[in-house]
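Chemist: Attaching a single structure in structure tokens format; questions to follow.
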């Protein structure tokens with residue numbers, strides 16, 4: 001799980017690899033290859049059952065990273081068909097199960113069975129029972145935070161434990177341990193090594209548990225808090241689990257984090273001698289932690305003292321390469337896979353206990369997950385004397401795969417395996433460790449272990465100390481193992497080696513009397529030293545074999561597997577590993593078939609050796625020719641520029657890709673990260689969970705990194721990063737809406753059609769347009785409007801302008817008003833244009849008719865002097881007296897319908913626009929009776 005600086009980065013899923021078996025301690029009676037004919041050996045002591053298999057288990061699941069409910073699964077395997085039951089008494093949960101040999105039976109538990117509280121007693125113990133011995137494994141799975149543990153049976157549980165997990169690093173702070181009681185009235189005394197809630201560091205406290213009750217203690221203190229080394233002691237056997245809620249390894253500067261959990265063995269089963277092999281494909285070493293059971297414990301790595309520890313103290317360090325770890329007192333050792341960013345390799349953290357030599361088994365069955373992991377590996381630690389006998393899936397592993405581990409007497413190998421079950425066997429006990437990696441995902445576990453009380457052994461003696469006898473006679477020796485109180489120690493493996501004229505080894509376990517009997521038959525005359533060892537304890541016996549003079553013997557053909565690197569074509573090499581003839585003075589000739597040169601790949605070769613008498617022997621080996629092994633000769637080259645610049649909104653992102661070759665010029669597959677479609681399935685990275693990032697966004701400015709990685713057949717990784725900068729250097733584009741030159745009628749409202757603005761990167765930026773200038777719609781003139789805009793990158797568009805001409809081409813509007821002359825007294829009266837009309841102008845708001853109007857004529861609908869006396873017999877009834885005024889007589893024909901004068905005029909605004917109009921003046925016959933206008937037919941006009 002990816003977490004850095006308190007930011008969860010949930011990248012891909014974690015998968016658990018199931019174990020199918022745990023190994024076997026039964027001694028084998030087949031001879032080891034040697035430079036002399038090998039005698040047969042056997043252990044006469046019944047095998048021990050103190051291992052990780054059993055019929056009764058009490059387990060618990062410590063808390064995982066708490067952002068979702070976990071999936072809790074128990075996997076059950078066995079070498080015999082059997083049935084059983086999984087129960088959680090405190091939750092009312094019960095499930096029956098059946099085991100088929102060679103298969104893993106899963107039982108899913110409710111997610112609420114996980115320990116969710118700290119410093120509180122819960123009823124979450126998981127009880128598993130079966131009719132025959134089974135092996136049990138627990139899986140606690142949350143998306144992007146998963147780990148598993150090997151369950152230990154009730155019959156090997158103890159009462160003295162020291163916790164081992166991992167420290168807090170300031171990212172997810174959750175160092176923790178959990179436990180479950182197997183009997184009522186269990187009193188547990190805990191001395192925390194760090195403050196956890198109200199529990200103080202180094203201050204002991206006690207809790208009382210009934211059978212099946214659980215307890216978890218978690219410290220969420222800041223950086224470096226660590227519950228590893230906490231003392232946990234009880235009056236009845238308990239099961240203890242160490243780990244971390246979600247750890248970043250080796251420190252908080254690396255990501256991602258992952259849940260850690262292991263069921264811890266009691267201190268009585270700890271040891272003093274260990275051999276380790278680095279995790280394959282990882283670089284710069286692995287993290288190791290050691291916790292001591294006693295004060296004054298010196299811990300050495302490859303012969304150099306690295307720490308002196310008191311009880312419960314922890315030492316952590318990076319170890320590169322294979323290592324021999326030793327201690328003066330019993331310690332517990334764990335190997336950790338570092339976080340993915342530690343070396344940039346596809347991986348994730350896991351915690352794996354490393355058993356001491358004394359707890360190794362002679363065969364194992366392990367299983368790699370059926371899917372979900374790109375790479376699966378098995379590390380093995382095999383006695384150097386038994387390398388030839390080691391087999392994986394029934395096939396001998398070439399000796400060239402092994403590397404000697406210092407002065408430990410063991411050799412290590414990193415083996416690449418496929419999915420599914422794998423069987424391993426050797427004539428001597430060895431260690432096996434299964435693990436695998438995928439993108440931000442990993443798993444790892446010890447293939448199995450014995451759980452004998454090796455830590456309490458204090459003395460080892462061998463009887464008889466000296467003897468002699470004839471060839472072909474069985475010779476037996478007894479090793480006696482006692483504790484510090486001279487009481488027998490039961491179930492501990494004793495390793496035997498014979499050196500001298502015979503070279504062989506064997507092993508067996510102590511019985512109820514602390515004894516193990518080892519026997520072999522001599523086939524060569526001379527002296528042997530027979531050594532028994534349990535960890536750092538040892539005892540020896542001497543044997544002299546007596547025989548007649550030997551006959552001529554055939555030569556001994558000795559082969560070695562060869563691995564030849566740095567070649568693209570055929571090369572030569574010899575598999576002869578010092579073949580010889582055991583007869584003094586005899587000559588031997590060896591021929592290798594086929595004789596080479598050898599093509600790249602694996603070539604099977606037979607070596608045949610003959611002596612002067614014609615006796616012969618042969619052996620077989622492999623010559624492996626690699627196509628290229630030097631990291632510097634594997635190359636990755638970017639196609640195109642290493643720093644690409646794309647124009648935002650204009651250019652498209654088309655990944656030019658990269659090419660990679662090994663030293664022979666063979667093309668390698670490229671893995672791309674954050675290209676937008678890393679797996680090239682046509683689904684954009686923003687929508688495809690299988691891709692690592694959406695890739696460069698060409699619609700927004702920014703800087704992006706696209707990474708390319710390739711790996712050759714020897715796990716050499718090459719990578720390169722292309723920088724992609726999406727920049728905006730193009731200005732927006734302005735577009736006028738409507739014409740660039742416009743006219744507007746004075747007095748009318750001017751509506752600006754405006755502009756639109758588009759930017760390649762930011763789209764429509766019209767809302768950001770700035771307009772300068774204005775139009776006064778009631779003032780004649782020419783106005784200029786200027787439009788400008790810039791985008792978010794301060795790219796200014798080329799400004800646009802619009803010219804608006806406000807024109808006045810419309811004359812004033814005239815509203816006539818009827819003027820009434822009453823009473824009709826016959827006198828002349830002055831009428832001004834402003835009396836009979838009102839003029840307004842749209843541009844000037846109003847018009848003064850007296851100053852801007854011109855009277856052009858006056859008409860009457862009655863004659864000036866009609867016959868008779870009805871109109872008063874007057875003359876000059878109408879007269880224009882000024883530019884905008886006239887005199888009209890207040891007279892009418894009393895027998896008619898009244899007189900109507902019409903004043904015709906023009907009025908001009910300041911722009912010279914003229915309007916012609918008229919207004920009327922009436923002289924009614926009677927007051928309140930409107931005059932009727934008869935027009936000019938009966939009237940007259942002036943001038």
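The values are calculated or read from the model by the stated rules, or taken from the named source; none is laboratory data. Keep in mind it's a predicted model, so treat the numbers as computed, not measured. Backbone-built Cβ (ideal geometry, glycine too); neighbour counts: all protein chains shown.
Chemist: I need the full set of residues from the range 95-138 which are in a helix (DSSP H, G or I) and in contact with a helix residue (DSSP H, G or I) (Cβ under 9 Å, 6 or more places away or on another chain), in order please.
Modeler: Those that are in a helix (DSSP H, G or I) and in contact with a helix residue (DSSP H, G or I) (Cβ under 9 Å, 6 or more places away or on another chain): 112, 113.
Chemist: Turning to a different aspect of this structure: Test of understanding: among 755, 775, 769, 698, which residue is surrounded by 15 or more Cβ atoms within 10 Å (Cβ to Cβ) and under 37 Å from the mean Cα position of the chain (by Cα)?
Modeler: That would be 698, the only listed residue that is surrounded by 15 or more Cβ atoms within 10 Å (Cβ to Cβ) and under 37 Å from the mean Cα position of the chain (by Cα).
Chemist: Answer yes or no: is there a residue in the range 604-626 that is crowded, with 17+ Cβ neighbours inside 10 Å, free of Cβ contacts under 8 Å to residues at least 24 places away in the same chain and either assigned by TED's automatic domain parsing to the domain that holds residue 712 or on the phi < 0 side of the Ramachandran plot (or both).
Modeler: No, there is no match, as no residue in the range 604-626 is crowded, with 17+ Cβ neighbours inside 10 Å, free of Cβ contacts under 8 Å to residues at least 24 places away in the same chain and either assigned by TED's automatic domain parsing to the domain that holds residue 712 or on the phi < 0 side of the Ramachandran plot (or both).
Chemist: Among the numbered conditions (1) closer than 30 Å to residue 652 by Cβ; (2) outside any strand (DSSP E or B); (3) touching a strand residue (DSSP E or B) at 6+ places or on another chain (Cβ under 8 Å), tell me where residue 767 comes up short.
Modeler: With (1) closer than 30 Å to residue 652 by Cβ; (2) outside any strand (DSSP E or B); (3) touching a strand residue (DSSP E or B) at 6+ places or on another chain (Cβ under 8 Å) applied to residue 767, the lone miss is (3).
Chemist: If a residue has to be out of contact with any strand residue (DSSP E or B) (no Cβ under 6 Å at 6 or more places or on another chain) and either in the same structural domain as residue 664 (by TED's automatic domain parsing) or under 29 Å from residue 712 (Cβ atoms) (or both) to count, how many in the range 578-600 make the cut?
Modeler: Of the residues in that region, 3 qualify.
Chemist: Counting residues that are farther than 30 Å from residue 723 by Cβ, which strands (runs of 3 or more DSSP E) fully inside the range 588-653 reach at least 2?
Modeler: Here the list reads 588-593, 601-611, 616-625.
Chemist: Of everything in the range 447-468, what is buried (at least 24 other Cβ atoms within 10 Å of the Cβ) and more than 30 Å from residue 487 (Cα to Cα)? Give them in sequence order.
Modeler: Selection gives 447 alone.
Chemist: Would you confirm whether any residue within the range 431-441 is part of a loop (DSSP other than H, G, I, E, B), modelled with pLDDT of 95 or more and crowded, with 21+ Cβ neighbours inside 10 Å?
Modeler: No: the range 431-441 contains no residue that is part of a loop (DSSP other than H, G, I, E, B), modelled with pLDDT of 95 or more and crowded, with 21+ Cβ neighbours inside 10 Å.
Chemist: Could you tell me which of the residues 406, 436, 412 is touching a residue at least 60 places away in the same chain (Cβ under 8 Å) and within 19 Å of residue 149 (Cβ to Cβ)?
Modeler: 436
Chemist: Now for a different question. Using the structure shown, decide if residue 707 is in the same structural domain as residue 797 (by TED's automatic domain parsing) and over 30 Å from residue 624 (Cα atoms).
Modeler: no
Chemist: Moving on to the next point. For the range 442-484, give me each residue that is over 51 Å from the mean Cα position of the chain (by Cα), free of Cβ contacts under 8 Å to residues at least 60 places away in the same chain and in a strand (DSSP E or B).
Modeler: Scanning the range 442-484 gives 474, 478, 480, 482.
Chemist: Here is a further query. Could you please let me know if residue 321 is under 23 Å from residue 711 (Cβ atoms) and modelled with pLDDT under 95?
Modeler: No: the conditions fail for residue 321.
Chemist: Strands (runs of 3 or more DSSP E) wholly in the range 240-348 with at least 2 residues that are out of contact with any helix residue (DSSP H, G or I) (no Cβ under 9 Å at 6 or more places or on another chain) and closer than 17 Å to residue 166 by Cα - which ones?
Modeler: Because the criterion is at least 2 residues that are out of contact with any helix residue (DSSP H, G or I) (no Cβ under 9 Å at 6 or more places or on another chain) and closer than 17 Å to residue 166 by Cα, the strands (runs of 3 or more DSSP E) in the range 240-348 that meet it are 258-264, 286-292, 314-319, 323-337.
Chemist: Across the range 853-884, what is the number of residues that are buried (at least 19 other Cβ atoms within 10 Å of the Cβ) and at pLDDT 90 or above?
Modeler: Total meeting the criteria: 10.
Chemist: Turning to a different aspect of this structure: Could you please find all residues in the range 677-695 being at pLDDT 80 or above and surrounded by 18 or more Cβ atoms within 10 Å (Cβ to Cβ)?
Modeler: Across the range 677-695, the qualifying residue is only 695.
Chemist: May I pose another question? For the condition crowded, with 21+ Cβ neighbours inside 10 Å and either over 23 Å from residue 259 (Cβ atoms) or in contact (Cβ under 8 Å) with a residue 40 or more places away in the chain (or both), what is the one hit in 189, 175?
Modeler: 175
Chemist: Let me ask something else about it. Which one of these is outside the structural domain of residue 662 (by TED's automatic domain parsing) and under 56 Å from the mean Cα position of the chain (by Cα): 512, 522, 541?
Modeler: Step by step, each of 512, 522, 541 is checked, and only 512 is outside the structural domain of residue 662 (by TED's automatic domain parsing) and under 56 Å from the mean Cα position of the chain (by Cα).
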